[in-house]
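**Student:** My structure is below; once you've seen it, I'll send some questions.
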Amino acid sequence: MRPFVLSVLEYNLGTLVGMTETDKQCVATTLLSIYKAVWRGSQQVPDERKIAWPRLCYALQLPSPKAIIYMARIRYFSQILRHGGSALWALISTQQGWLGDCAEAFDWMYQQVSGSTTLRHPKDDWESWCALMTGRPKRFGSLVQRAWKHEMIQSYNTHIVEEGYNDFAEAMDLANFDFPDFAVQTMEAYEEHICLQCQRTFGSRTGWASRAFKCHQRVNKARLYAGGAHCAACNTEYWEYKRLLHHLRYSGRCRRALARARMEVPQEPG
């Protein structure tokens with residue numbers, strides 16, 4: 001897939017100057033449609049609407065949108081380093097924004113391969129990186145490959161851990177689990193909650209939260225849109241207020257939809 005499909009997407013991507021977040025989102029959207037087409041063909045997805053980027057990239061063994069952009073910049077830079085003339089470099093020297101983007105890409109690459117190479121950070125030893133790109137281009141290319149694969153695996157591992165914690169927290173919440181009194185007392189005995197705005201100290205989180213709401217109008221973002229037990233954004237009934245609150249804490253999509261609709265609810269301390 002990479003040599004044929006992604007090569008079209010990557011064509012001249014590394015030459016773009018001043019990419020905005022909208023531009024990057026356009027790349028991600030295009031890449032998502034390609035990846036999903038391959039994913040559906042493999043018949044591995046029970047519900048493609050719930051798939052996350054780390055899981056999708058790991059399943060297909062393909063790079064993320066961020067890695068695609070960084071690699072395109074790095075590869076183009078290495079090409080002009082080997083073959084670019086003085087006129088081209090004179091033109092590039094005026095594009096400080098593009099050079100900054102390339103520096104960011106090389107920093108990303110070093111973060112991915114620093115544990116498996118003797119190279120130092122490009123900022124500290126740029127001569128060694130130039131020698132590698134000009135004298136051993138195939139070796140440098142394999143290092144680029146190692147970078148995106150490392151990012152893919154690390155992102156997947158992090159996603160799996162976070163997903164596990166979220167599932168565990170949701171299961172405990174749905175089961176109405178309460179910590180034993182002695183555990184709560186032990187925790188509270190060693191906890192202090194400080195209001196950074198007025199420098200007051202509270203013996204419990206509840207006291208701090210009440211003070212933060214009454215005096216500083218601090219409200220958890222999920223509480224702004226949690227009213228009753230029904231989520232108006234996804235039209236789901238959660239039957240209990242705390243289940244709805246838990247849902248809104250983890251569903252940024254629903255919070256944003258409710259925010260756009262200006263569906264805030266009156267707030268009370270707690």
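Read the figures in this text as sums done on the coordinates, not as results from a lab. Predicted model, so just to flag it, every value in this text is computed and none were measured. Quick reminder, even Gly has a Cβ in these numbers, built from the backbone with ideal geometry, and neighbours come from all protein chains shown.
**Student:** Using the Cα centre as the reference, give the magnitude of the dipole from point charges on the C-beta atoms of segment 2-168 (Lys, Arg: +1; Asp, Glu: -1; all else neutral), rounded to the nearest 20 debye.
**Tutor:** Using Cβ point charges on Lys, Arg, Asp and Glu, segment 2-168 gives about 620 debye.
**Student:** Starting from the Kirkwood Rh over alpha-carbon pairs, what translational D in µm² s⁻¹ does segment 2-168 have by Stokes-Einstein at 25 °C and 0.890 mPa s?
**Tutor:** 141 µm²/s
**Student:** OK, next. Work out the FRET efficiency for Lys138 and Ser114 from their Cβ-Cβ distance, taking R0 = 30 Å, and round it to the nearest 0.05.
**Tutor:** 0.90
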